[in-house]
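Only one structure is covered here, and it is reproduced in the block below.
The values are calculated or read from the model by the stated rules, or taken from the named source; none is laboratory data. Because the structure is a prediction, the values reported are computed rather than measured. Positions of Cβ are backbone-derived with ideal geometry, glycine not excepted, and every protein chain shown enters the neighbour counts. For accessibility, only protein heavy atoms count, side chains too; no ligands or nucleic acids. Shrake-Rupley method; radii C 1.70, N 1.55, O 1.52, S 1.80 Å.
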Amino acid sequence: MKKIILILSLIVVNTILFAQGIEKKAPEGFDNERSEISKGKLDSITYESKTVGTARKALIYTPPGYNKRKKYPVLYLLHGIGGDEKEWLKHGAPNVILDNLYADGKLEPMIVVLPNGRAMKNDRAEGNIFAEDKVEAFATFEKDLLNDLIPFIEKNFKVYSDREHRAIAGLSMGGGQSLNFGLGNLDKFAWVGGFSSAPNTKAPEELVPNPDKAREMLKLLWISCGASDGLINFSQRTSDYLRDKQVPHIFYVEPGGHDFDVWKNDLYMFSQLLFKPVKEHLFNKYSILGMPASTNVRNAAYPRILPDNRVVFRIKAPDAQNIQVDLGKKYDMEKDEEGVWTVTTDSISGGIHYYSLIIDGVAVADPASETFYGMGRMASGIEIPFSGDDFYQLKKVPHGDIRIKQYFSEATNSWREMYIYTPPGYDKSSEKYPVLYLLHGGGEDQSGWATQGKANLILDNLIAENKAKPMVIAMMDGNIFGRGAGFNENSLKAFENELKLGAIPFIENNYRVKTDAGSRALAGLSMGGLQTLHAGIKNTDKFAYLGVFSSGWFANSDELSKPQYEYMEENREKINSNLKHFFISMGGKEDIAYENCKIMMEKFDEMGIKYEYSEHPGGHTWPVWRHDLFKFAPLLFK
């Protein structure tokens, strides 16, 4: 049944993509020999390897109509750990695939060299192929390739010798070699392809230490893998790094595992892109399946995110009559014969987005995704990666802890909950730390900054880079009268009482923290920004740092705003004197709080209230607020 569903899905996807003029996948019969077409020629060659100290063998494919007086570009095509120079020929039919592509007018004439990538005297795939010396021989092949094989080919065949006419690609172990050798020798290769690259693939930072150089010198970087391949993480981590560093590449995820059905298709797709003008703007349109979202529950294959940030949703509900995905915009899903509903969205902006499934008129959470408290209820969430999200990624740096604590508040006479971040090394230190009290927005709660906001990862990374002081972060529940209440004078006063009589005493009685105003900060987003404006401004003797993210006093509510402005006017000198940083930020003109904030800052200017303003595009969303914390935290406690 799964195969039937997959086939139907691919028919839909391929129909869309062929309409865009992109061939997504090899057609049926692409690897079948056709008797009526011209054929290329396969020969065996022997070359002397100074690197290995012996004569070595390789196969060479010359295209149909090969002319010894004409120069050709060259593709070096590498095998896997269990193969040799004949592995592609035995299992991958490369000559047949290439012959058919030539016959269809899809391929630039080229010579293809199939070497033995195990550079040792006994280079046969015998015995323990994972033995240390045999694995090391795959790394040694780099010298053999550059110093022995390529010079032999260029001496004995009419080929171009510049990097623009030289490509390297391979499968599995050979995919790792291709990425290692190709990206490590950009003066030798302009076209690089890794098919299902194995664990020998270097870490991305080693592969591409100079992204600017890679952007300048690469004609095409192709990374592909079967969606069911257990090694796909090696391809994904490389693609993620390249995306973050804005190095153009194709990340092609296709149906299948770690086998020649996948690799034959890869050769078909990759080879026809070589040695011709590339259309970089189409790179993110090739992938068939994309990758499961990081916010999926364990083992859930969907939702899947395509490289252009379109999202494929799927749910099995055979008895449902109508299903939509509500991402702010509603998308109608289509039902197949097996009762599986599918839809592909438009491109979605980067960061986390709440969404619901609407099944026969009822909004429900997607069982395939993690849920978050947002929109005033538990909602599904999907994290869309984007270039620039590196500052909140999980990295190999010291990490702090998130602690969830219940405390009895004297202000509300009730039990309340707080999420608390302690910095790396807190438990082993006797040091006292400053505190940032960090507030969520309307429809959210104390878990927001720790889950949707990734506050702990942002601080871990900033502290590791010495960009922020180690600090404790107290993430309070700002819903004092129940969730959702927070935009009237009474609730703002109640929050102020909770902050002063509940939260601060709990933190200062239970954690090693400093208690002076210069060691306290208060910040919040949206509703939390209003709470910061109220409680922070009225208590600058307790807080020397204030951060207001995507918020501002309501321009159409004098009842709420006028007393706040009057207080600031009367206490201007005290506010300016006490505050070391008054940080205000917005998500650009698309931020729903933009006009209120703009009018508020004009009032501040008239009153002479000092502040600093930052703007980051993205609207009223978590990607903006994560960035706000990233910018605000380094200002604190210095």
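Within the stretch 453-470, identify whether any single residue is over 26 Å from the mean Cα position of the chain (by Cα) and either touching a residue at least 24 places away in the same chain (Cβ under 8 Å) or surrounded by fewer than 15 Cβ atoms within 10 Å (Cβ to Cβ) (or both), and answer yes or no.
Within the stretch 453-470, one or more residues are over 26 Å from the mean Cα position of the chain (by Cα) and either touching a residue at least 24 places away in the same chain (Cβ under 8 Å) or surrounded by fewer than 15 Cβ atoms within 10 Å (Cβ to Cβ) (or both).
So which pairs qualify, if the first residue must be in the stretch 224-238 and of a type in the set (D, E, K, R), the second must be open to solvent by less than 50 Å² (accessible area, probe 1.4 Å) and not in a loop (DSSP other than H, G, I, E, B), the Cβ gap must be under 9 Å, and the two must be at least 6 apart or on different chains?
Filtered contacts from the stretch 224-238: Asp229/Ser235; Asp229/Val262; Arg237/Pro204.
Among (1) β-branched (Val, Ile, Thr); (2) touching a helix residue (DSSP H, G or I) at 6+ places or on another chain (Cβ under 7 Å); (3) farther than 23 Å from Leu306 by Cβ; (4) assigned to a strand (DSSP E or B), there is one condition Ile404 misses while meeting the rest; what is its number?
All conditions are met except number (2).
Quick check on the stretch 255-263. Is at least one of its residues open to solvent by less than 20 Å² (accessible area, probe 1.4 Å), touching a residue at least 60 places away in the same chain (Cβ under 8 Å), assigned to a loop (DSSP other than H, G, I, E, B) and of a type outside the set (Ser, Thr, Tyr)?
Taking every residue of the stretch 255-263 in turn, none turns out to be open to solvent by less than 20 Å² (accessible area, probe 1.4 Å), touching a residue at least 60 places away in the same chain (Cβ under 8 Å), assigned to a loop (DSSP other than H, G, I, E, B) and of a type outside the set (Ser, Thr, Tyr).
Would it be correct to say that Asp266 is in a helix (DSSP H, G or I), open to solvent by less than 40 Å² (accessible area, probe 1.4 Å) and of a type in the set (Asp, Glu)?
Taking the combined requirement at face value, the residue satisfies it.
Out of the residues in the stretch 232-245 meeting the condition of being open to solvent by less than 40 Å² (accessible area, probe 1.4 Å) and of a type outside the set (Phe, Trp, Tyr), tell me which one is nearest to Glu216 (Cα to Cα).
So, considering only residues that are open to solvent by less than 40 Å² (accessible area, probe 1.4 Å) and of a type outside the set (Phe, Trp, Tyr), the one nearest to Glu216 (Cα to Cα) is Leu242.
Which of the residues spanning the stretch 37-82 are more than 20 Å from Val159 (Cα to Cα) and either free of Cβ contacts under 8 Å to residues at least 60 places away in the same chain or in contact with a Cys (Cβ under 8 Å, 6 or more places away or on another chain) (or both)?
If the condition is that a residue be more than 20 Å from Val159 (Cα to Cα) and either free of Cβ contacts under 8 Å to residues at least 60 places away in the same chain or in contact with a Cys (Cβ under 8 Å, 6 or more places away or on another chain) (or both), then Ala55, Gly82 are the ones that fit.
Which one of the conditions (1) crowded, with 18+ Cβ neighbours inside 10 Å; (2) more than 27 Å from Trp622 (Cα to Cα) does Asn497 fail to meet, given that it meets all the rest?
(1)
Determine whether Leu17 is at pLDDT below 95, in a helix (DSSP H, G or I), out of contact with any Leu (no Cβ under 9 Å at 6 or more places or on another chain) and more than 22 Å from Phe189 (Cβ to Cβ).
Answer is yes for this residue.
Select, from Pro292, Pro307, Pro248, the only residue that is farther than 30 Å from Ala363 by Cα and open to solvent by 10 Å² or more (accessible area, probe 1.4 Å).
Going through Pro292, Pro307, Pro248 in turn, just one is farther than 30 Å from Ala363 by Cα and open to solvent by 10 Å² or more (accessible area, probe 1.4 Å): Pro248.
Can you work out which of the residues in the stretch 339-360 that are at pLDDT 95 or above and not in a strand (DSSP E or B) is nearest to Thr621 (Cα to Cα)?
Across the stretch 339-360, the extreme among qualifying residues is Asp360.
Restrict the check to the stretch 539-553 and report whether at least one residue is open to solvent by 20 Å² or more (accessible area, probe 1.4 Å) and either assigned to a helix (DSSP H, G or I) or hydrophobic (A, V, I, L, M, F, W, C) (or both).
Checking the stretch 539-553: not a single residue is open to solvent by 20 Å² or more (accessible area, probe 1.4 Å) and either assigned to a helix (DSSP H, G or I) or hydrophobic (A, V, I, L, M, F, W, C) (or both).
Just to be sure I understand, how many residues within the stretch 405-431 are out of contact with any strand residue (DSSP E or B) (no Cβ under 6 Å at 6 or more places or on another chain) and either open to solvent by 50 Å² or more (accessible area, probe 1.4 Å) or at positive phi (or both)?
Looking only at that region, the number is 7.
Just need a number here: residues in the stretch 361-372 that are open to solvent by less than 20 Å² (accessible area, probe 1.4 Å) and part of a strand (DSSP E or B).
Residues that pass the stated criteria total 1.
Residues Tyr47, Tyr61, Tyr76: which one is within 37 Å of the chain's Cα centre (by Cα), among the aromatic types (Phe, Trp, Tyr) and in a strand (DSSP E or B)?
Just one listed residue meets the conditions, Tyr76.
Pairs, please: C-beta under 8 Å, at least 6 apart or cross-chain, first residue farther than 18 Å from Phe554 by Cα and in the stretch 604-630, second open to solvent by 50 Å² or more (accessible area, probe 1.4 Å) and among the acidic types (Asp, Glu)?
Pro617/Glu590; Gly618/Glu590
Among the residues of the stretch 608-628, is there at least one that is of a type in the set (D, E, K, R), within 14 Å of Leu438 (Cα to Cα) and in contact with a strand residue (DSSP E or B) (Cβ under 9 Å, 6 or more places away or on another chain)?
Yes: one or more hits.
Residue by residue, here is whether (1) over 18 Å from Val262 (Cα atoms); (2) at pLDDT below 95 holds:
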residue	(1), (2)
Arg34	yes, no
Gly40	yes, no
Thr54	yes, no
Pro63	yes, no
Pro73	yes, no
His91	no, no
Glu108	yes, no
Ala125	yes, yes
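What do you reckon, is Asp133 in contact with a strand residue (DSSP E or B) (Cβ under 6 Å, 6 or more places away or on another chain), touching a residue at least 12 places away in the same chain (Cβ under 8 Å) and either among the basic types (Lys, Arg) or surrounded by fewer than 19 Cβ atoms within 10 Å (Cβ to Cβ) (or both)?
no
Can you list the helices (runs of 4 or more DSSP H) found entirely within the stretch 565-638 that contain at least 2 residues being exposed (fewer than 14 other Cβ atoms within 10 Å of the Cβ)?
Qualifying helices (runs of 4 or more DSSP H): 572-578, 594-607.
Looking at the stretch 216-226 only, could you name the residues that are within 18 Å of Asp244 (Cβ to Cβ) and either open to solvent by 90 Å² or more (accessible area, probe 1.4 Å) or modelled with pLDDT under 95 (or both)?
Of everything in the stretch 216-226, just one residue is within 18 Å of Asp244 (Cβ to Cβ) and either open to solvent by 90 Å² or more (accessible area, probe 1.4 Å) or modelled with pLDDT under 95 (or both), namely Glu216.
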